[in-house]
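Derivation of every value follows stated rules applied to the coordinates shown; laboratory data play no part. Just so you know, these numbers come straight off a predicted model, no measurement behind them. Here Cβ is always computed from backbone atoms with ideal geometry, including for glycine, and neighbour counts include all displayed protein chains.
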Amino acid sequence: MGLAIVGHVGSSSYTRRSANGIIYDSGGRHSIRYRLEPTMHEPANTPDEMEMALNDSGLICPLPSLGLLHVAGDDAVAFLQNQLTADVAGLEPSASALAAWCNAKGRARAVFRVVPSDTGMLLLADAHLIEAIRPTLQMFILRSQVALTDLRPDEGALGMAGPAAASLLSEAAGTLPAQAGEVVRAGDLHVIALPGAADLRYLVIAPADQLAALRTRFGHALVEGSEDFWRLQSIRAGLPELTREVSESVVPTMLNLEPLGGISYDKGCYPGQEVIARMHYRGQLKRRLYRAAIADDPPAPGTAVLDADDQEAGVVISAAAAGGGSELLAVLRIEKAGQTLSVATRTLEILDLPYTPPH
């Protein structure tokens, strides 16, 4: 980012850059006038550059792959309460929650971030996954007063993080959510605080024209990052994000949704509830979500994790480039997590999660 300042002293002119605003100087016999020309940050191109920007000024990341499913109608909350693993009915208007939608065998079709809105509930997940599962979810509505609407491309999302992001968003929204999971609404703008590797990140949901205006407005102060780097921050926070490749492959408890507040054992029935409850009360968890790293490009979701005998030990859920390699979330057999494991012949290094995982 810079401010191109064109000045005139007598008949001479010059250009220099400043990061601090307008400068006026009328000393001596000459009057010096400066013309302010705001310039945009150059986009960061590598994970290392984005990491530096995140810790310095801040990042703004377009999120074109994030889908937005709007659930409206008189029965919207009751419908979701009967379909998802979280206690949607108990969700405060200023809070969001993770929740899985499962098949009858208890395997997660999707993991949504559920966000209350003035007109219903928003379900946030991978756009291609929402497109694939929406017809099946529609079948469960039956006679309920519920309408499902895919908000894309009329609405979209931006990710913002770093020192400058909070102050800029506070100006735009009037206030900010104070802790992870909280939501602030300002007109059509939703700001959701998410956990990051160190500080809070902010997910901004708004109509497409407002998002474009925010990118222009904040572009002088924040470096544009990639969606892959935003995914890296979710991986470091231990937040599972499902895509079509891993839909219906694992149960929500294996995705660590219990410590993340995404499973309620006190609510009524929902698809797969018996399987999930039995696993919880009998202590039958044999797999869980781990964070790990490899010295290679990001493996695709659904890639197998193998042990030293080339036997299946788990599956990659999500991955993103990080420094000289990649970081990922994988569901692994707990009994094999301490062994030598590999993904595409690359040795897996197990990393810490920022929360206490299930046992």
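Table for the structure above
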| item | result |
| --- | --- |
| Helix axis angle, 127-139 relative to the chain longest principal axis, alpha carbon, degrees | 40 |
| Sorted by Cβ density within 10 Å, fewest first, the residues 143, 185, 278 | 143, 278, 185 |
| Convex hull volume per residue for the stretch 44-253, taking Cα atoms only, in Å³ | 115 |
| q = 0.07 Å⁻¹, the chain: log10 I(q)/I(0) [Debye, one scatterer per Cα] | -0.35 |
| Nearest 10 degrees, 0 to 90: helix 227-236 Cα axis against the chain principal axis | 60 |
| Sorted by Cβ neighbour density within 10 Å, fewest at the top, the residues 269, 61 | 269, 61 |
| Formal net charge of residues neighbouring residue 182 (Cβ-Cβ distance under 13 Å; K, R +1; D, E -1) | +2 |
| Binned Cα-Cα distance frequencies in the stretch 286-351 - 10 Å width, integer % | 26, 61, 13, 0 |
| Rounded to 10°, Cα long-axis angle of helix 163-173 versus longest principal axis of the chain | 90 |
| HN-Hα J in Hz across the stretch 289-305 - Karplus 6.51, -1.76, 1.60, θ = phi - 60°, x for Gly and Pro | 7, 10, 9, 8, 9, 9, 8, 6, 5, x, x, 6, x, x, 5, 6, 9 |
